[in-house]
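Chemist: Here's a structure for you.
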Amino acid sequence: MEFRRIGDVEVSAIGLGGMPMSIEGRPDEERSVRTIHAALDAGVTLIDTADAYHLYANDDGHNETLIARALSSYGGDTSSVLVATKGGHLRPGDGSWTLNGSPAYLKEACEASLKRLGVDAIGLYQFHRPDPKTPYEDSVGAIRDLLDAGKIRMAGISNANPEQIRLAREILGGRLVSVQNQFSPAFRGSEPELELCHELDIAFLPWSPLGGIGQAGDLGGRFAPFAEVAAAHGVSPQRVCLAWMLARSPVVIPIPGASRPASIQDSAAAVDLELTGDELELLSR
Ligand SMILES: NC(=O)c1ccc[n+]([C@@H]2O[C@H](COP(=O)([O-])OP(=O)(O)OC[C@H]3O[C@@H](n4cnc5c(N)ncnc54)[C@H](OP(=O)(O)O)[C@@H]3O)[C@@H](O)[C@H]2O)c1
(Lines give C-alpha, C1' and ligand atoms only; values in the text may rest on other atoms or scores of the structure.)
Protein backbone atom coordinates (compact mmCIF):
# COMPACT_ATOMS: atom_id res chain seq x y z
CA MET A 1 0.00 0.00 0.00
CA GLU A 2 1.11 3.53 -0.74
CA PHE A 3 0.58 6.11 1.99
CA ARG A 4 -0.41 9.76 1.86
CA ARG A 5 -0.92 12.34 4.56
CA ILE A 6 -4.00 13.89 6.14
CA GLY A 7 -2.71 16.46 8.62
CA ASP A 8 -0.20 14.61 10.78
CA VAL A 9 -1.62 11.15 9.99
CA GLU A 10 -0.38 8.76 7.31
CA VAL A 11 -3.23 6.97 5.58
CA SER A 12 -3.53 4.60 2.65
CA ALA A 13 -3.63 6.48 -0.65
CA ILE A 14 -7.00 4.83 -1.36
CA GLY A 15 -9.71 5.02 1.30
CA LEU A 16 -13.00 3.19 1.65
CA GLY A 17 -16.26 5.12 1.27
CA GLY A 18 -18.91 3.68 3.56
CA MET A 19 -22.06 5.16 2.04
CA PRO A 20 -23.19 2.22 -0.19
CA MET A 21 -23.33 0.02 2.90
CA SER A 22 -25.94 2.18 4.62
CA ILE A 23 -28.24 3.96 2.18
CA GLU A 24 -30.74 2.76 -0.45
CA GLY A 25 -29.77 -0.67 -1.78
CA ARG A 26 -27.55 -1.47 1.21
CA PRO A 27 -26.54 -5.09 1.73
CA ASP A 28 -26.99 -7.10 4.90
CA GLU A 29 -24.57 -6.45 7.73
CA GLU A 30 -22.62 -9.66 7.22
CA ARG A 31 -21.60 -8.62 3.66
CA SER A 32 -20.79 -5.09 4.80
CA VAL A 33 -18.51 -6.36 7.56
CA ARG A 34 -16.78 -8.64 5.05
CA THR A 35 -16.31 -5.63 2.77
CA ILE A 36 -14.75 -3.52 5.54
CA HIS A 37 -12.51 -6.43 6.59
CA ALA A 38 -11.44 -6.91 2.96
CA ALA A 39 -10.46 -3.23 2.84
CA LEU A 40 -8.38 -3.62 5.99
CA ASP A 41 -6.78 -6.79 4.60
CA ALA A 42 -5.85 -4.82 1.47
CA GLY A 43 -4.06 -2.21 3.59
CA VAL A 44 -6.76 0.47 3.57
CA THR A 45 -6.39 2.68 6.67
CA LEU A 46 -8.86 5.45 5.83
CA ILE A 47 -12.61 4.89 6.13
CA ASP A 48 -15.00 7.69 5.24
CA THR A 49 -18.43 7.80 6.85
CA ALA A 50 -21.08 10.27 8.04
CA ASP A 51 -23.87 10.32 10.59
CA ALA A 52 -26.27 10.83 7.66
CA TYR A 53 -25.36 7.53 5.97
CA HIS A 54 -28.52 5.74 6.93
CA LEU A 55 -31.87 4.92 5.41
CA TYR A 56 -34.73 5.19 7.88
CA ALA A 57 -35.70 8.06 10.16
CA ASN A 58 -34.61 6.17 13.22
CA ASP A 59 -31.34 4.62 12.12
CA ASP A 60 -29.08 7.69 12.00
CA GLY A 61 -25.45 6.77 12.25
CA HIS A 62 -26.08 3.32 10.73
CA ASN A 63 -22.76 3.52 8.88
CA GLU A 64 -20.75 4.79 11.86
CA THR A 65 -22.10 1.95 14.01
CA LEU A 66 -21.35 -0.58 11.28
CA ILE A 67 -17.76 0.63 10.93
CA ALA A 68 -17.19 0.62 14.69
CA ARG A 69 -18.50 -2.97 14.85
CA ALA A 70 -16.40 -4.11 11.89
CA LEU A 71 -13.26 -2.59 13.39
CA SER A 72 -13.85 -4.27 16.73
CA SER A 73 -14.48 -7.68 15.15
CA TYR A 74 -11.41 -7.51 12.87
CA GLY A 75 -8.69 -9.95 13.85
CA GLY A 76 -5.77 -7.64 13.03
CA ASP A 77 -4.40 -4.35 14.34
CA THR A 78 -6.67 -1.39 13.58
CA SER A 79 -4.77 1.25 15.57
CA SER A 80 -3.58 3.02 12.42
CA VAL A 81 -7.06 3.28 10.87
CA LEU A 82 -8.40 6.81 10.52
CA VAL A 83 -12.20 6.97 10.59
CA ALA A 84 -13.36 10.22 9.02
CA THR A 85 -16.94 11.14 9.77
CA LYS A 86 -19.11 14.17 9.03
CA GLY A 87 -21.91 16.25 10.50
CA GLY A 88 -24.31 18.78 9.05
CA HIS A 89 -26.51 16.60 6.81
CA LEU A 90 -29.65 14.78 7.94
CA ARG A 91 -31.95 12.20 6.44
CA PRO A 92 -35.52 12.44 7.69
CA GLY A 93 -36.32 8.99 6.27
CA ASP A 94 -38.29 9.99 3.15
CA GLY A 95 -35.28 9.63 0.86
CA SER A 96 -34.31 13.31 1.11
CA TRP A 97 -31.13 14.88 2.46
CA THR A 98 -31.59 18.02 4.58
CA LEU A 99 -29.10 20.43 6.14
CA ASN A 100 -28.35 21.85 9.56
CA GLY A 101 -25.10 23.76 9.95
CA SER A 102 -25.99 25.57 13.15
CA PRO A 103 -23.27 25.44 15.80
CA ALA A 104 -25.59 23.97 18.42
CA TYR A 105 -26.65 21.16 16.08
CA LEU A 106 -23.09 20.36 14.94
CA LYS A 107 -21.93 20.04 18.56
CA GLU A 108 -24.86 17.73 19.35
CA ALA A 109 -24.19 15.67 16.20
CA CYS A 110 -20.52 15.33 17.10
CA GLU A 111 -21.40 14.00 20.56
CA ALA A 112 -23.65 11.36 18.98
CA SER A 113 -20.91 10.36 16.51
CA LEU A 114 -18.37 10.06 19.35
CA LYS A 115 -20.67 7.61 21.13
CA ARG A 116 -21.39 5.54 18.03
CA LEU A 117 -17.73 5.33 17.08
CA GLY A 118 -16.83 4.53 20.69
CA VAL A 119 -13.90 6.96 20.82
CA ASP A 120 -12.83 9.86 23.07
CA ALA A 121 -11.94 12.03 20.06
CA ILE A 122 -12.91 11.69 16.41
CA GLY A 123 -9.86 11.32 14.15
CA LEU A 124 -11.19 13.54 11.34
CA TYR A 125 -14.48 15.42 11.57
CA GLN A 126 -15.77 17.04 8.40
CA PHE A 127 -18.45 19.71 8.03
CA HIS A 128 -20.61 17.89 5.48
CA ARG A 129 -22.14 20.67 3.40
CA PRO A 130 -22.66 24.46 3.69
CA ASP A 131 -26.09 25.33 5.07
CA PRO A 132 -27.52 28.47 3.46
CA LYS A 133 -29.43 29.17 6.69
CA THR A 134 -26.22 29.47 8.74
CA PRO A 135 -23.29 31.78 7.96
CA TYR A 136 -20.40 29.55 6.87
CA GLU A 137 -18.07 31.10 9.44
CA ASP A 138 -20.48 30.12 12.23
CA SER A 139 -20.55 26.46 11.13
CA VAL A 140 -16.77 26.35 10.79
CA GLY A 141 -16.51 28.18 14.13
CA ALA A 142 -18.32 25.24 15.71
CA ILE A 143 -15.75 22.87 14.19
CA ARG A 144 -12.99 25.05 15.70
CA ASP A 145 -14.70 24.82 19.10
CA LEU A 146 -14.82 21.00 18.77
CA LEU A 147 -11.08 20.99 18.05
CA ASP A 148 -10.40 23.25 21.03
CA ALA A 149 -12.52 21.02 23.27
CA GLY A 150 -10.56 17.93 22.17
CA LYS A 151 -13.69 16.27 20.78
CA ILE A 152 -12.10 15.94 17.34
CA ARG A 153 -8.42 15.57 16.42
CA MET A 154 -8.52 17.05 12.92
CA ALA A 155 -10.97 19.08 10.88
CA GLY A 156 -12.16 18.89 7.31
CA ILE A 157 -14.81 20.48 5.13
CA SER A 158 -16.86 19.06 2.28
CA ASN A 159 -18.71 20.45 -0.73
CA ALA A 160 -16.80 23.71 -0.35
CA ASN A 161 -15.85 26.24 -3.02
CA PRO A 162 -12.47 28.04 -3.10
CA GLU A 163 -13.82 31.01 -1.14
CA GLN A 164 -15.16 28.69 1.58
CA ILE A 165 -11.87 26.79 1.69
CA ARG A 166 -9.99 30.06 2.24
CA LEU A 167 -12.47 31.18 4.90
CA ALA A 168 -12.25 27.84 6.72
CA ARG A 169 -8.47 28.09 6.59
CA GLU A 170 -8.60 31.54 8.17
CA ILE A 171 -10.74 30.19 11.00
CA LEU A 172 -9.00 26.84 11.52
CA GLY A 173 -5.47 27.67 10.38
CA GLY A 174 -3.30 24.59 9.82
CA ARG A 175 -5.93 22.51 11.59
CA LEU A 176 -7.96 22.40 8.36
CA VAL A 177 -6.48 19.21 6.94
CA SER A 178 -8.91 18.06 4.23
CA VAL A 179 -11.47 19.05 1.63
CA GLN A 180 -13.92 16.42 0.34
CA ASN A 181 -15.60 17.33 -2.95
CA GLN A 182 -17.20 15.48 -5.82
CA PHE A 183 -14.65 14.64 -8.49
CA SER A 184 -14.76 11.93 -11.16
CA PRO A 185 -14.56 11.46 -14.93
CA ALA A 186 -18.26 12.40 -14.95
CA PHE A 187 -17.86 15.44 -12.70
CA ARG A 188 -14.69 17.49 -13.11
CA GLY A 189 -16.13 20.73 -11.72
CA SER A 190 -13.96 20.57 -8.60
CA GLU A 191 -10.70 21.22 -10.48
CA PRO A 192 -10.33 24.70 -8.86
CA GLU A 193 -10.68 23.22 -5.36
CA LEU A 194 -8.24 20.42 -6.19
CA GLU A 195 -5.70 23.00 -7.43
CA LEU A 196 -6.18 25.11 -4.31
CA CYS A 197 -5.70 22.11 -2.01
CA HIS A 198 -2.51 21.26 -3.90
CA GLU A 199 -1.28 24.83 -3.42
CA LEU A 200 -2.20 24.90 0.28
CA ASP A 201 -1.02 21.30 0.92
CA ILE A 202 -4.43 20.19 2.19
CA ALA A 203 -5.66 16.64 1.47
CA PHE A 204 -8.28 16.49 -1.31
CA LEU A 205 -10.71 13.56 -1.00
CA PRO A 206 -12.69 13.04 -4.22
CA TRP A 207 -16.18 11.75 -3.42
CA SER A 208 -18.09 9.51 -5.85
CA PRO A 209 -14.74 9.13 -7.66
CA LEU A 210 -16.16 6.42 -9.93
CA GLY A 211 -19.29 8.37 -10.80
CA GLY A 212 -21.42 7.31 -7.84
CA ILE A 213 -23.48 4.29 -6.82
CA GLY A 214 -25.39 2.97 -9.82
CA GLN A 215 -23.05 4.59 -12.36
CA ALA A 216 -19.68 3.31 -11.16
CA GLY A 217 -20.04 -0.16 -12.67
CA ASP A 218 -20.33 1.24 -16.20
CA LEU A 219 -17.46 3.72 -15.98
CA GLY A 220 -15.72 2.09 -18.93
CA GLY A 221 -18.87 2.17 -21.05
CA ARG A 222 -19.46 5.85 -20.35
CA PHE A 223 -15.86 7.03 -20.72
CA ALA A 224 -14.09 5.26 -23.57
CA PRO A 225 -10.52 6.44 -22.75
CA PHE A 226 -10.77 4.75 -19.36
CA ALA A 227 -11.85 1.48 -21.04
CA GLU A 228 -9.04 1.80 -23.58
CA VAL A 229 -6.29 2.35 -20.99
CA ALA A 230 -7.78 -0.40 -18.81
CA ALA A 231 -7.63 -2.89 -21.70
CA ALA A 232 -3.98 -1.97 -22.36
CA HIS A 233 -3.08 -2.78 -18.75
CA GLY A 234 -5.48 -5.72 -18.30
CA VAL A 235 -7.18 -4.04 -15.33
CA SER A 236 -10.60 -2.51 -14.65
CA PRO A 237 -11.54 1.01 -15.83
CA GLN A 238 -12.33 1.80 -12.18
CA ARG A 239 -8.75 1.02 -11.20
CA VAL A 240 -7.48 3.21 -14.02
CA CYS A 241 -9.71 6.04 -12.82
CA LEU A 242 -8.32 5.89 -9.30
CA ALA A 243 -4.71 5.67 -10.53
CA TRP A 244 -5.35 8.71 -12.74
CA MET A 245 -6.61 10.65 -9.71
CA LEU A 246 -3.64 9.63 -7.59
CA ALA A 247 -1.34 10.94 -10.31
CA ARG A 248 -3.07 14.35 -10.28
CA SER A 249 -1.41 15.46 -7.02
CA PRO A 250 0.10 13.93 -3.88
CA VAL A 251 -2.73 15.58 -1.89
CA VAL A 252 -5.40 13.46 -3.64
CA ILE A 253 -6.81 10.52 -1.65
CA PRO A 254 -9.86 8.98 -3.39
CA ILE A 255 -12.49 7.27 -1.24
CA PRO A 256 -14.31 4.83 -3.57
CA GLY A 257 -17.43 3.38 -2.02
CA ALA A 258 -18.01 -0.36 -1.86
CA SER A 259 -20.56 -2.83 -0.64
CA ARG A 260 -18.71 -5.94 -1.87
CA PRO A 261 -15.22 -7.12 -0.94
CA ALA A 262 -14.20 -7.50 -4.61
CA SER A 263 -14.87 -3.81 -5.31
CA ILE A 264 -12.54 -2.43 -2.66
CA GLN A 265 -9.91 -5.10 -3.37
CA ASP A 266 -9.84 -3.99 -7.00
CA SER A 267 -9.84 -0.28 -6.08
CA ALA A 268 -7.06 -0.60 -3.49
CA ALA A 269 -4.78 -2.10 -6.16
CA ALA A 270 -4.86 1.25 -8.01
CA VAL A 271 -1.84 2.32 -5.95
CA ASP A 272 0.26 -0.20 -7.94
CA LEU A 273 -0.91 0.90 -11.37
CA GLU A 274 1.49 3.25 -13.13
CA LEU A 275 0.10 5.16 -16.07
CA THR A 276 2.26 6.77 -18.74
CA GLY A 277 2.29 10.51 -19.39
CA ASP A 278 0.39 9.95 -22.64
CA GLU A 279 -2.27 7.90 -20.87
CA LEU A 280 -2.69 10.53 -18.16
CA GLU A 281 -3.02 13.18 -20.83
CA LEU A 282 -5.67 11.15 -22.67
CA LEU A 283 -7.68 10.59 -19.48
CA SER A 284 -7.49 14.26 -18.47
CA ARG A 285 -8.94 15.53 -21.76
N1 LIG B 1 -19.18 14.52 1.08
C2 LIG B 1 -20.24 14.21 0.39
O3 LIG B 1 -21.17 15.01 0.21
C4 LIG B 1 -20.32 12.85 -0.22
C5 LIG B 1 -21.30 12.56 -1.19
C6 LIG B 1 -21.31 11.28 -1.75
C7 LIG B 1 -20.38 10.34 -1.34
N8 LIG B 1 -19.46 10.64 -0.35
C9 LIG B 1 -18.44 9.67 0.09
O10 LIG B 1 -17.71 9.25 -1.04
C11 LIG B 1 -17.73 7.82 -1.10
C12 LIG B 1 -17.64 7.36 -2.54
O13 LIG B 1 -18.73 7.82 -3.28
P14 LIG B 1 -19.93 6.84 -3.74
O15 LIG B 1 -19.93 5.64 -2.90
O16 LIG B 1 -21.12 7.70 -3.80
O17 LIG B 1 -19.58 6.55 -5.26
P18 LIG B 1 -18.37 5.80 -6.04
O19 LIG B 1 -17.25 5.57 -5.12
O20 LIG B 1 -18.13 6.59 -7.25
O21 LIG B 1 -19.08 4.47 -6.46
C22 LIG B 1 -19.43 3.50 -5.52
C23 LIG B 1 -19.78 2.23 -6.21
O24 LIG B 1 -18.68 1.83 -7.00
C25 LIG B 1 -18.62 0.43 -7.05
N26 LIG B 1 -17.18 0.10 -7.12
C27 LIG B 1 -16.22 0.47 -6.25
N28 LIG B 1 -15.01 0.03 -6.64
C29 LIG B 1 -15.21 -0.62 -7.80
C30 LIG B 1 -14.35 -1.29 -8.71
N31 LIG B 1 -13.03 -1.32 -8.47
N32 LIG B 1 -14.90 -1.85 -9.81
C33 LIG B 1 -16.24 -1.78 -10.04
N34 LIG B 1 -17.11 -1.16 -9.22
C35 LIG B 1 -16.59 -0.58 -8.12
C36 LIG B 1 -19.22 -0.07 -5.78
O37 LIG B 1 -19.98 -1.23 -6.08
P38 LIG B 1 -20.47 -2.30 -4.99
O39 LIG B 1 -21.45 -1.56 -4.14
O40 LIG B 1 -21.07 -3.36 -5.81
O41 LIG B 1 -19.28 -2.72 -4.19
C42 LIG B 1 -20.03 1.09 -5.25
O43 LIG B 1 -21.41 0.86 -5.20
C44 LIG B 1 -19.04 7.46 -0.41
O45 LIG B 1 -19.10 6.10 -0.08
C46 LIG B 1 -19.02 8.41 0.74
O47 LIG B 1 -18.16 7.93 1.74
C48 LIG B 1 -19.42 11.89 0.17
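Chemist: Per residue, how big is the convex hull around the C-alpha atoms of the chain? Give it to me in cubic angstrom, could you?
Modeler: Numbers: hull volume 33.8 nm³, N = 285.
Looking at the chain, the number lands at 118 Å³ per residue.
Chemist: Please list 3J(HN,Hα) in residue order for the range 177-185, calculated via the Karplus relation 6.51 cos²θ - 1.76 cosθ + 1.60 where θ = phi - 60°; whole Hz, with x for glycine and proline.
Modeler: Karplus-based 3J(HN,Hα) across the range 177-185 equals 10, 8, 10, 10, 10, 5, 7, 6, x Hz.
Chemist: Over the range 172-267, with the other protein chains present, what is the accessible area per residue in square angstrom, probe 1.4 angstrom?
Modeler: Numbers: 3430 Å² over 96 residues.
Roughly 36 Å² per residue, with all protein chains present.
Chemist: Sticking with this structure for a sec: Subtract the Cα-Cα distance of Glu274 and Ala231 from 0.36 nm times their separation in residues, and report this length gain in nm to one decimal. Let's see the in-between values first.
Modeler: On the way: separation 43, 0.36 × 43 = 15.48 nm, distance 1.39 nm.
Contour length minus Cα-Cα distance gives 14.1 nm.
Chemist: Residues of the range 37-61 with amide nitrogen under 13 Å from the 7 Å Cα-to-Cβ point of Thr98?
Modeler: In the range 37-61, the label zone of Thr98 (backbone N under 13 Å from the point 7 Å along Cα→Cβ) covers 57-58.
Chemist: Let me ask something else. Where does the chain land at 222 nm, in deg cm²/dmol rounded to the nearest 500, when only DSSP H runs of n ≥ 4 count, each adding -39500 (n - 2.57), divided by all residues? Working shown, then result.
Modeler: Details: 11 runs with 116 residues, N = 285.
The per-residue figure over the chain is -12000 deg cm²/dmol.
Chemist: Using θ = phi - 60° and the Karplus relation 6.51 cos²θ - 1.76 cosθ + 1.60, list the HN-Hα couplings for the range 78-88 in order, rounded to whole Hz, with x at every Gly or Pro.
Modeler: 10, 5, 9, 7, 9, 9, 10, 10, 9, x, x
Chemist: In addition: Taking amide H atoms as placed 1.01 Å from N in the peptide plane, list the residues 5 or more away in sequence, or in a different chain, whose amide H sits under 5 Å from that of Asp51.
Modeler: Placed amide hydrogens put Lys86 under 5 Å from Asp51.
Chemist: Output the antiparallel fraction of DSSP beta bridges having both residues in the chain, as a percent to the nearest 5. Don't skip to the end; give the middle numbers.
Modeler: Working: 6 of 31 bridges.
Around 20 percent of the beta bridges assigned by DSSP in the chain are antiparallel ones.
Chemist: Another one. Return the percentage of antiparallel bridges among DSSP beta bridges fully within the range 1-120, rounded to the nearest 5 %.
Modeler: On the way: 6 of 11 bridges.
If we restrict to bridges inside the range 1-120, about 55 percent are antiparallel.
Chemist: Please work out the Cα center distance from the range 270-285 to the range 216-262, rounded to the nearest Å.
Modeler: 10
Chemist: If you take the alpha carbon radius of gyration of the range 67-180 and divide it by 2.2 N^0.38 Å, what ratio comes out, to two decimals? Don't jump to the answer; show the numbers that get you there.
Modeler: Details: Rg = 14.3 Å, N = 114, 2.2 N^0.38 = 13.3 Å.
The value comes to 1.08.
Chemist: Find the Cα radius of gyration of the range 15-68, compare it with 2.2 N^0.38 Å by division, and give the number to two decimals.
Modeler: Details: Rg = 10.6 Å, N = 54, 2.2 N^0.38 = 10.0 Å.
So the range 15-68 has a normalised radius of gyration of 1.06.
Chemist: To continue, here is another question. Pop out the carbon and sulfur fraction of the accessible area of the range 1-41 as a percent, whole number, probe 1.4 Å. Let's see the in-between values first.
Modeler: On the way: 790 of 1690 Å².
Accessible surface attributable to carbon and sulfur in the range 1-41 totals 47 percent.
Chemist: Let me ask something else about it. Once you have the Kirkwood Rh of the range 173-264 from its Cα pairs, apply Stokes-Einstein at 25 °C and 0.890 mPa s and quote D in µm²/s.
Modeler: Details: Rh = 13.7 Å.
It diffuses with D of about 180 µm²/s by this estimate.
Chemist: Accessible area per residue, 1.4 Å probe, Å², for the range 1-139: what's the number? Please report the intermediate quantities before stating the final value.
Modeler: Working: 5660 Å² over 139 residues.
About 41 Å² of surface per residue is accessible.
Chemist: Something else: What are the trypsin sites (Lys or Arg not before Pro) within the range 123-176 that DSSP puts in a loop, where the Cβ has at most 12 other Cβ atoms within 10 Å? Could the numbers behind the result be given before it?
Modeler: On the way: sites: Lys133, Arg144, Lys151, Arg153, Arg166, Arg169, Arg175; in loops: Lys133, Lys151.
Qualifying residues, ordered by number: Lys133.
Chemist: Can you give the net charge of the other residues whose Cβ lies under 10 Å from the Cβ of Phe183, counting K and R as +1 and D and E as -1?
Modeler: Numbers: positive: Arg188, Arg248; negative: Glu191, Glu193.
Once all neighbours under 10 Å are counted, the net charge is 0.
Chemist: Another one. How large is ³J(HN,Hα), in whole Hz, for each residue of the range 267-279 in order, when computed from phi with the Karplus curve 6.51 cos²θ - 1.76 cosθ + 1.60 and θ = phi - 60°, using x for Gly and Pro?
Modeler: With the stated coefficients, the range 267-279 comes to 5, 4, 6, 4, 5, 9, 9, 9, 9, 7, x, 5, 5 Hz.
Chemist: Once Rh for the range 1-143 is found with the Kirkwood sum over Cα pairs, what is the Stokes-Einstein diffusion coefficient at 25 °C and 0.890 mPa s, in µm²/s?
Modeler: Details: Rh = 15.6 Å.
The calculation lands on 157 µm²/s.
Chemist: Pop out the carbon and sulfur fraction of the accessible area of the range 175-256 as a percent, whole number, probe 1.4 Å. Please list the in-between numbers first.
Modeler: Working: 1520 of 2890 Å².
Solvent-exposed carbon and sulfur of the range 175-256 make up 53 percent of the total.
The values are calculated or read from the model by the stated rules, or taken from the named source; none is laboratory data. None of the values given here were measured: they were computed from a predicted structure. Note that each Cβ is placed from the backbone with ideal geometry, even for glycine, and that neighbours are counted across all protein chains shown. SASA here: full protein model, heavy atoms, side chains in, ligands and nucleic acids out. Shrake-Rupley method; radii C 1.70, N 1.55, O 1.52, S 1.80 Å.
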